[in-house]
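Okay, so here's the structure we're looking at.
The values are calculated or read from the model by the stated rules, or taken from the named source; none is laboratory data. None of the values given here were measured: they were computed from a predicted structure. Ideal geometry is used to build each Cβ from the backbone, glycine not excepted, and the neighbour counts take in all protein chains shown.
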Number of protein chains: 2
Amino acid sequence: MLQIERYHHIVSELEKHGSISIKNLMNVVSPSRSTIRRDLLELEKMHKLVRTRGGAVAVGNNTDFMREFEYRKNQQHEEKLRIAHAALQFVNEQEAILIDEGSTSFELAKLLGRFRSLTVATCSLNIAWELRCAENIELLVIGGMMKRKSLSMSGSIAEQTVRGISSNRFFMTADGVNAEQGCMCYGAEEATVKRSMIKSVKETILLVDHTKFNKNALINICELKDLNTIVTGKEADRKIVSRIQSLGINIVLA
Amino acid sequence: MLQIERYHHIVSELEKHGSISIKNLMNVVSPSRSTIRRDLLELEKMHKLVRTRGGAVAVGNNTDFMREFEYRKNQQHEEKLRIAHAALQFVNEQEAILIDEGSTSFELAKLLGRFRSLTVATCSLNIAWELRCAENIELLVIGGMMKRKSLSMSGSIAEQTVRGISSNRFFMTADGVNAEQGCMCYGAEEATVKRSMIKSVKETILLVDHTKFNKNALINICELKDLNTIVTGKEADRKIVSRIQSLGINIVLA
DNA sequence: GCATCGCTTTGAAACATTTTGAACATATTA
DNA sequence: TAATATGTTCAAAATGTTTCAAAGCGATGC
């Protein structure tokens, strides 16, 4: 394995797991302890990792974030993947779509490579980064003050930008949904941006895993009737589903 | 195997795997190390790949790591680091600064961890990603249509955002600088954003390595008198330096 | 057609440099 | 204290660079 390939392998393992051991790297990237040790030494100089006894961990700031993101991603990850796949039916070639921040919509973004040509607008830094090299996608990054927790842009600048655009579909996420209060999330500014987005599109499609139903989150985003479709996992409670359907909202169980 | 066939084979392998080793190419494209080495040398000149010890990696590779590797192999990398360090003297605690896209300003961004509290606005997706976890930094991402080549946002949305902000200092980059035409860059939309940025700050500081002097790039950004300071490498030609100083521009040789 | 010339490409060898794997003494952990 | 990991040093291996002669190839003239 080439040196650069080893470096790359180590860094990407680190991004995935947050830490690695020399033992696990042996026979994968190199047969010799010394070489691995030297690689870690080099990567530490580049501030790509911090060495520990027996291995290394991802660098300071990134670790917390990675852990949190990985954690959120892994919760209901399999369900989120199903939801993302099901959401694809609402994406059409040559269209412009809006994608919200959040792990489910991140999964959707990762599936957009299959289209020939799309325009995607997003306030998620994660999604922007994921799509930055996708040649089939015209990417509109919605700027604003970045929220470190969600890695998304919000605030008055984001709102102003959203008001100036219009598109067919908005794939929204939420932290809580119920028939009475509608969609909710924890951040007030995020909620404002979401509301603007809803206004600037023809159709809003909510992507939520089943655990979000009947859960309350601080800030109200919109009522259920503002949505056109909800895509969720087949684990969703039947009563809730039929309750929502009775309000005239289309539900897709993935 | 014909030369052109070898080139083709190497490039397509590179597209498939992201990296190749000379060993693997031996006996496939040519029996001789020398020939392969020469091929890689040629392809590197054509910017089809970047050579590494023992092989080569694809250019414009998606991963952070490869991109950084490409940067590091760049001739002026060491100079750019010096320039970034020197530029730090113009950054003050608690201030708001604007940072342009480009590899030199990216180096500057990486040094901002040493401040206790800063507000940073940038149109560079690279820089935004780099600073996403920095708890000492309030990050304003300037949104807009993303240019894949520079990983930066521009266009009318970016301009509009820039018009709405004001800050103390703008750290600008350029592809060409000379006393007559001033600062230039290759992208027309990028130039427009840069001009807006210059207008919205008190002081503009240009960060350029010495190779940018007396080089022409397509689009004019501004005249030299619009700048307050130029930070460049000590390799810069003395004549050019004194010529610019005579125009009343402060020059820092890093 | 074929020999010759000039140019480019190729393969190999010599030498410089970097990387690697192993050995051993030292430090750290349980 | 035993076990494990680390740092250091060194020779061997691998890779890069430079140089050069041989081979390949097109153009030209006979």
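Below, the figures for the structure above:
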| quantity | calculated |
| --- | --- |
| Selection from region A:1-18 of residues that are within 30 Å of the chain's Cα centre (by Cα) and within 12 Å of DNA strand D (Cβ to nearest atom) | A:Ile4, A:Glu5 |
| Looking only at region B:44-70, and only at residues there that are within 24 Å of B:Met26 (Cβ to Cβ) and among the charged types (D, E, K, R), the one that is nearest to the other protein chains (Cβ to nearest Cβ) | B:Arg53 |
| Residue in region B:96-108 that is more than 16 Å from DNA strand D (Cβ to nearest atom) and surrounded by fewer than 16 Cβ atoms within 10 Å (Cβ to Cβ) present | no |
| Residue check for A:Gly187: under 22 Å from A:Ser152 (Cα atoms) and at pLDDT below 95 | yes |
| Breaking point among (1) crowded, with 22+ Cβ neighbours inside 10 Å; (2) out of contact with any Gly (no Cβ under 9 Å at 6 or more places or on another chain); (3) assigned to a strand (DSSP E or B), for A:Val252 | (1) |
| Region A:211-221, residues that are under 20 Å from A:Ser124 (Cβ atoms) and surrounded by 20 or more Cβ atoms within 10 Å (Cβ to Cβ) | A:Lys212, A:Ile221 |
| Filter result (over 29 Å from B:Glu78 (Cα atoms) and within 13 Å of chain B (Cβ to nearest Cβ)) within region A:30-43 | A:Ser30 |
| Strands (runs of 3 or more DSSP E) (entirely within region B:79-175) containing at least 1 residues that are in contact (Cβ under 8 Å) with a residue 60 or more places away in the chain | B:96-99, B:167-172 |
| Members of region B:124-160 found to be more than 8 Å from every other protein chain (Cβ to nearest Cβ) and hydrophobic (A, V, I, L, M, F, W, C), listed by number | B:Ile127, B:Leu131, B:Ile137 |
| Positions within region A:176-214 being of a type outside the set (Ser, Thr, Tyr) and assigned to a helix (DSSP H, G or I), in sequence order | A:Ala188, A:Glu189, A:Glu190, A:Ala191, A:Val193, A:Lys194, A:Arg195, A:Met197, A:Ile198, A:Lys199, A:His210, A:Lys212 |
| Condition check for B:Leu81: under 26 Å from the mean Cα position of the chain (by Cα), within 14 Å of another protein chain (Cβ to nearest Cβ) and away from DNA strand C (no atom under 15 Å from the Cβ) | yes |
| Within region B:40-57, considering residues that are charged (D, E, K, R) and out of contact with any strand residue (DSSP E or B) (no Cβ under 8 Å at 6 or more places or on another chain), the one farthest from DNA strand C (Cβ to nearest atom) | B:Lys48 |
| Residue in region B:28-38 that is part of a loop (DSSP other than H, G, I, E, B) and either assigned by TED's automatic domain parsing to the domain that holds B:Leu151 or touching a Lys or Arg at 6+ places or on another chain (Cβ under 7 Å) (or both) present | yes |
| Number of the condition not met by A:Leu14 [criteria: (1) more than 9 Å from every other protein chain (Cβ to nearest Cβ); (2) under 22 Å from B:Ile22 (Cβ atoms); (3) crowded, with 18+ Cβ neighbours inside 10 Å] | (2) |
| Residue under evaluation B:Ser21, criteria (1) more than 19 Å from B:Glu70 (Cβ to Cβ); (2) within 12 Å of DNA strand D (Cβ to nearest atom), criterion not met | (1) |
| Filter result (at pLDDT 85 or above and among the small types (Gly, Ala, Ser)) within region B:58-97 | B:Ala58, B:Ala84, B:Ala86, B:Ala87, B:Ala96 |
| Residue within region B:158-174 that is more than 22 Å from B:Asp226 (Cα to Cα), touching a strand residue (DSSP E or B) at 6+ places or on another chain (Cβ under 6 Å) and in the same structural domain as B:Val201 (by TED's automatic domain parsing) present | no |
| Selected residue (only one of B:Val231, B:Val208, B:Val177 is within 18 Å of B:Ile127 (Cα to Cα) and buried (at least 24 other Cβ atoms within 10 Å of the Cβ)) | B:Val208 |
| Which numbered condition A:Ser242 fails, given (1) more than 23 Å from A:Lys147 (Cα to Cα); (2) surrounded by fewer than 18 Cβ atoms within 10 Å (Cβ to Cβ); (3) within 17 Å of the chain's Cα centre (by Cα) | (3) |
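Each row is one residue, and each column tells you yes or no for (1) at positive phi; (2) without any contact (Cβ under 8 Å) to a residue 40 or more places away in the chain; (3) within 16 Å of DNA strand D (Cβ to nearest atom); (4) touching a helix residue (DSSP H, G or I) at 6+ places or on another chain (Cβ under 7 Å).
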position	(1), (2), (3), (4)
B:Arg33	no, yes, yes, yes
B:Thr52	no, yes, yes, yes
B:Ala56	no, no, yes, yes
B:Phe65	no, yes, no, yes
